[in-house]
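Below is one structure, written out as structure tokens; comments come after it.
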Amino acid sequence: MNFENKINHNSNIVAVIGHPIKHSFSPLMHNISFDILQLDYLYLSFDVPSESLKDALKGMIALGIKGFNVTIPHKEKIVDFLNDVSEEASVIGAVNTVVNENGILHGYNTDVAGIVETLLPFKDELAGSEVTIIGAGGAARAALYSLIRHFKIEKINIVNRTEEKAERLKEYFSAKMLYNGIKAYDLTPPDLIDVFNRSKLIINTTSIGMSPEEDDSPTTIPGSFNKDQIIFDVVYNPLETKFLQLAKSQGAVTLNGLRMFVEQGAKAFELWTGHEMPKDKIYKTLQSYLGA
């Protein structure tokens, strides 16, 4: 693939913005998809610190960039700078995909599609259950929305290093979605093992354990998991985080973040191009690449 030639021939440019951004596999996923479908698009990545977000968006418009993904730490902050947002993104309060329509920026949250598609095989098991979400950022917001809207969850625990942030998220979703089954916890209290063990599903929505910090885990406490649980880590690099390794060793079913990553990317791909991403080929390619 000759990226320089693509730029010289005035390809449609799409991108991802975040800080840091080196870890992202989005350029690989989308550029392979463009090649497979022979679409005249090119996907780039831009490292944008928080203080530069507003200026970066002006640059995106000035350069005619067709659309872009949004990752940590901009998913929530960017909402204030967009012309409009989808119903899902509005309720969630976070955006991960933007479409630029002649200088009008439209925001979407395709993380919902990624989470729902990943958990769909377990829908019946999750009905009426207790679930724990680790983290209180943009991905946690998408997880809360997905669980409340698409799965019949009885109770949701939000566990975060800063309990005040978890509490604010609880209040936000209680008001936005009229759901009163949420409880907030600090990540380190003595009763956390009990919270984890009661949960049918635990989702790590943080970047803890992502490459190159592969020795990190939201919990290393023995006895945190059991054989009746589903443990889902939104991190996809490495494919099996320390968090998932610990859960697997205690008999839990484990899900990595690769399916979510591909599904959310496919939804963004369709918004920008009007074409369906070749998801199965992309999933297998990335699985092979990350496994190696």
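The values are calculated or read from the model by the stated rules, or taken from the named source; none is laboratory data. What you see is a predicted model, and the numbers here were worked out from it, not measured in a lab. Backbone-built Cβ (ideal geometry, glycine too); neighbour counts: all protein chains shown.
The table that follows gives values for the structure above.
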{"item": "The range 274-292, residues that are part of a helix (DSSP H, G or I) and surrounded by fewer than 20 Cβ atoms within 10 Å (Cβ to Cβ)", "result": "K279, D280, K281, Y283, K284, T285, Q287, S288, Y289, L290, G291"}
{"item": "Where G181 falls short, out of the listed (1) farther than 27 Å from N69 by Cβ; (2) under 21 Å from the mean Cα position of the chain (by Cα); (3) not basic (K, R)", "result": "(2)"}
{"item": "Selection from the range 17-43 of residues that are over 19 Å from E270 (Cβ atoms) and surrounded by fewer than 21 Cβ atoms within 10 Å (Cβ to Cβ)", "result": "H19, P20, I21, K22, H23, S24"}
{"item": "Lone qualifier among V95, V99 - being surrounded by 12 or more Cβ atoms within 10 Å (Cβ to Cβ) and assigned to a loop (DSSP other than H, G, I, E, B)", "result": "V95"}
{"item": "Residue that is surrounded by the most Cβ atoms within 10 Å (Cβ to Cβ), among those in the range 52-81 that are acidic (D, E) and out of contact with any helix residue (DSSP H, G or I) (no Cβ under 8 Å at 6 or more places or on another chain)", "result": "D55"}
{"item": "Criterion: outside any strand (DSSP E or B), in contact with a strand residue (DSSP E or B) (Cβ under 8 Å, 6 or more places away or on another chain), without any contact (Cβ under 8 Å) to a residue 24 or more places away in the chain and among the hydrophobic types (A, V, I, L, M, F, W, C) - qualifying residue of A140, A89", "result": "A89"}
{"item": "Y236 vs. criteria of a type in the set (S, T, Y), outside the structural domain of N96 (by TED's automatic domain parsing) and surrounded by fewer than 20 Cβ atoms within 10 Å (Cβ to Cβ)", "result": "no"}
{"item": "Filtered residues of the range 112-131 (kept if outside any helix (DSSP H, G or I) and surrounded by 24 or more Cβ atoms within 10 Å (Cβ to Cβ))", "result": "V131"}
{"item": "Filter pass, L192 being assigned by TED's automatic domain parsing to the domain that holds A127, closer than 16 Å to I133 by Cβ, touching a residue at least 24 places away in the same chain (Cβ under 8 Å) and not charged (D, E, K, R)", "result": "yes"}
{"item": "Residue that is modelled with the lowest pLDDT, among those in the range 220-233 that are buried (at least 19 other Cβ atoms within 10 Å of the Cβ) and more than 24 Å from L286 (Cβ to Cβ)", "result": "S224"}
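Residue-by-condition table, conditions (1) charged (D, E, K, R); (2) on the phi < 0 side of the Ramachandran plot; (3) assigned by TED's automatic domain parsing to the domain that holds T118:
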{"position": "L187", "(1), (2), (3)": "no, yes, yes"}
{"position": "G209", "(1), (2), (3)": "no, no, yes"}
{"position": "E213", "(1), (2), (3)": "yes, yes, yes"}
{"position": "Q245", "(1), (2), (3)": "no, yes, yes"}
{"position": "A266", "(1), (2), (3)": "no, yes, no"}
{"position": "L286", "(1), (2), (3)": "no, yes, no"}
